[in-house]
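Values in this text are rule-based calculations from the coordinates and carry no lab data. A quick note: this is a predicted structure, and the numbers were derived from the prediction, not measured. Quick reminder, even Gly has a Cβ in these numbers, built from the backbone with ideal geometry, and neighbours come from all protein chains shown.
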Amino acid sequence: MQSFTLLSLFVFVNSGSSAVLRRERNDAPIIGVLAQELPKPQAFATSYVAASYVKFLESAGARVVPVKVNQSHQEYERLFNSINGVLLPGGGVNLTTSGYGEAARVFYSLALKANSEGDYFPVWGTCLGFQELTYLTSGKFLLSPTNTTGIALPLVFTKDSRNSKLFRNFPADILEALASEPLTENLHQWSLTMKSYNKSEELRMFYKVLTTNFDGKVEFVSTMEAYKFPFYGTQWHPEKNPFEWIRSEIPHSPNAVKATFFMADFFVNEARKSSHQFPSKEEESEALIYQYNATYTEKTSPFEQMYLF
């Protein structure tokens with residue numbers, strides 16, 4: 001990687017007789033998006049990434065690398081050291097026994113270790129990815145069935161959200177819209193209820209609840225962030241508003257689209273704090289999702305487009 005990309009530049013700034021080490025911002029962030037198994041494997045593909053997650057990250061200035069399932073630990077570790085963050089997307093596979101679950105476990109463990117040693121590496125989980133984070137952190141399946149399959153909701157912000165990393169720099173009008181308009185698409189059969197969260201010491205000590213929602217019977221966690229690590233989770237789907245059109249309840253209003261951008265902008269800015277880079281420009285190019293074509297799948301899947309592997 002050429003030095004002008006500022007991927008891993010450190011400069012010394014003289015301050016009297018002392019030198020202060022400052023890490024430069026990485027303005028060429030590359031984020032991994034975890035693939036998952038197709039419900040029905042095809043002759044030409046066994047896994048996929050929904051294109052809306054790729055567009056979500058690209059809209060805020062990141063490039064994307066697919067994190068394929070069923071790779072070796074060595075391959076995952078090599079990729080981890082080359083990218084600047086990872087997104088665990090929504091989907092329908094098993095949290096514990098799938099290739100998605102195993103890859104998520106490896107990247108979660110690597111991210112814990114790296115961040116503990118001062119090597120910044122953000123992790124984002126959406127829907128299934130949110131649920132995966134709760135499992136990886138607690139070591140337990142703590143989810144409960146909820147009536148949340150296909151509904152857009154306004155967020156109920158907690159007191160902790162005011163000083164959260166995720167929301168504290170959002171424009172006031174977008175926060176107001178998120179709290180008063182149904183801008184967040186929920187498409188999940190399982191949720192982490194506040195009751196389960198409060199009973200789990202592992203989750204209470206690790207994650208701060210930023211927003212909740214209510215399915216008519218129970219209150220569940222809809223947005224969270226870790227206290228000490230750059231780990232974030234949304235049970236709802238910020239990526240769908242501008243890019244998915246199949247389901248009628250997905251909001252496409254100006255505020256819905258703006259909310260999506262600010263969520264993406266936040267996470268991409270988190271990735272800009274990572275100094276990981278590929279060993280060479282050639283390896284970087286080979287890994288990028290540009291090597292694959294998005295397939296129009298509106299008639300055969302819940303997604304407008306998918307990348308198939």
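Report the extension gain between Asn70 and Lys299 in nm, rounded to one decimal, defined as 0.36 nm multiplied by the number of residues separating them, less their alpha carbon distance.
Details: separation 229, 0.36 × 229 = 82.44 nm, distance 2.77 nm.
Contour length minus Cα-Cα distance gives 79.7 nm.
Under a 5 Å amide H to amide H cut-off, with H placed in plane at 1.01 Å, what residues pair with Glu239 once short-range neighbours are removed?
none
Please compute the net charge surrounding Cys127, taking Lys and Arg as +1 and Asp and Glu as -1 over other residues with Cβ under 12 Å from its Cβ.
On the way: positive: Lys240; negative: Glu132, Glu185, Glu239.
Cβ neighbours under 12 Å give a net charge of -2.
Counting other Cβ atoms within 10 Å, which trypsin sites (Lys or Arg not before Pro) in region 219-276 have at most 15 and lie in a DSSP loop?
Working: sites: Lys228, Lys240, Arg247, Lys258, Arg272, Lys273; in loops: Lys228, Arg247, Arg272, Lys273.
For trypsin sites (Lys or Arg not before Pro) across region 219-276 that sit outside H, G, I, E and B with at most 15 neighbouring Cβ atoms in 10 Å, the list reads Lys228, Arg247.
Taking the Cα centre of the chain as the origin and placing charges on Cβ (Lys, Arg +1; Asp, Glu -1), which of Gly32, Phe170, Ile151 is farthest toward the positive end of the dipole?
Phe170
Output needed: percent of Cα pairs per 10 Å distance bin for region 167-255, bins running from 0 to the one holding the longest distance.
Per 10 Å bin, starting at 0, the Cα pair percentages come out as 15, 43, 34, 8.
Given an 8 Å cut-off on Cα distances and at least 6 residues of separation, report the relative contact order of region 222-268 as a percent.
Values: 32 pairs, mean separation 12.5, N = 47.
This gives 27 percent for region 222-268.
Dipole magnitude of region 174-270 about its Cα centre, charges +1 at Lys/Arg Cβ and -1 at Asp/Glu Cβ only, in debye to the nearest 20?
For this selection, approximately 280 debye.
Quick one: what do you get for region 15-163 if you divide its Cα Rg by 2.2 N^0.38 Å?
On the way: Rg = 17.8 Å, N = 149, 2.2 N^0.38 = 14.7 Å.
In units of the 2.2 N^0.38 Å rule of thumb, it is 1.21.
Find the relative contact order for region 143-246 and round it to a whole percent, using C-alpha pairs within less than 8 Å whose residues are 6+ positions apart. Before the final figure, lay out the partial values.
Details: 179 pairs, mean separation 32.3, N = 104.
Here the relative contact order equals 31 percent.
By Kyte-Doolittle mean hydropathy of at least -1.0 and Cα axial length of at least 18 Å, which whole DSSP H helices of the chain are selected? Don't skip to the end; give the middle numbers.
Details: long enough: 99-116 (26 Å, 0.08); 254-271 (26 Å, 0.47).
Those that clear 18 Å and a mean of -1.0 are 99-116, 254-271.
Size of the dipole of the chain about the Cα centre, Lys and Arg at +1 and Asp and Glu at -1 on the beta carbon, nothing else charged, in debye to 20? Intermediate values should be presented prior to the final figure.
Numbers: 28 positive and 31 negative charges, 125 e Å.
That gives a dipole near 600 debye.
Assuming R0 = 30 Å, can you tell me the calculated FRET efficiency for the pair Lys113 and Val156, based on Cβ-Cβ distance, to the nearest 0.05? Could you put the intermediate results ahead of the total?
On the way: r = 34 Å, r/R0 = 1.14.
According to the calculation, E is roughly 0.30.
For Gln36, which sequence-distant residues (separation of 5 or more, or a different chain) have an amide H within less than 5 Å of its own amide H, given hydrogens modelled in the peptide plane?
Tyr48
Counting only GluC sites (Glu not before Pro) that are in a DSSP loop and have at most 16 other C-beta atoms within 10 Å, tell me the longest site-free stretch of the chain.
Numbers: sites that count: Glu24, Glu117, Glu249, Glu298.
My reading of the result: 118-248 is the longest stretch.
Kindly provide the chymotrypsin sites (Phe, Trp or Tyr not before Pro) of region 238-289 that DSSP labels as loop, not H, G, I, E or B, and whose Cβ sees at most 16 other Cβ atoms within 10 Å. Walk me through the numbers before you get to the answer.
Details: sites: Phe243, Trp245, Phe261, Phe262, Phe266, Phe267; in loops: Trp245.
Within region 238-289, the qualifying chymotrypsin sites (Phe, Trp or Tyr not before Pro) (loop, at most 16 other Cβ atoms within 10 Å) are Trp245.
Taking 8 Å as the Cα distance limit and 6 or more residues as the minimum spacing, I'd like the relative contact order of the chain as a percentage.
On the way: 631 pairs, mean separation 72.2, N = 309.
RCO, the chain: 23 percent.
If you filter region 55-162 for chymotrypsin sites (Phe, Trp or Tyr not before Pro), then keep DSSP loop positions with at most 13 other Cβ within 10 Å, what is left? Intermediate values should be presented prior to the final figure.
On the way: sites: Phe56, Tyr76, Phe80, Tyr100, Phe107, Tyr108, Tyr120, Trp124, Phe130, Tyr135, Phe141, Phe157; in loops: Tyr120, Phe141.
When the chymotrypsin sites (Phe, Trp or Tyr not before Pro) of region 55-162 are filtered for loop state and at most 13 Cβ neighbours within 10 Å, Phe141 remain.
Using the Cα centre of region 217-302 as origin and beta-carbon charges of +1 (Lys, Arg) and -1 (Asp, Glu), tell me which of Tyr296, Phe243, Tyr227 is placed farthest towards the positive end of the dipole.
Of the listed residues, the answer is Tyr227.
Report the antiparallel proportion of the DSSP beta bridges in the chain as a percent, rounded to a multiple of 5. If you can, show how the numbers build up before the last one.
On the way: 34 of 48 bridges.
In the chain, DSSP labels about 70 percent of beta bridges as antiparallel.
Which value in Å does the Kirkwood hydrodynamic radius of region 178-309 take, with 1/r averaged over all unlike C-alpha pairs and then inverted? Could you put the intermediate results ahead of the total?
Numbers: mean 1/r = 0.0570 Å⁻¹.
After inverting the pairwise mean of 1/r, the radius is 17.6 Å.
On a 28 Å Cα-Cα criterion, which of the cross-link pairs Lys113/Lys140; Lys195/Lys273; Lys195/Lys258; Lys240/Lys273; Lys165/Lys199 come out too long? Each step should come with its number before you reach the end.
Details: Lys113/Lys140 21 Å; Lys195/Lys273 35 Å; Lys195/Lys258 32 Å; Lys240/Lys273 26 Å; Lys165/Lys199 24 Å.
With Cα atoms farther than 28 Å apart: Lys195/Lys273; Lys195/Lys258.
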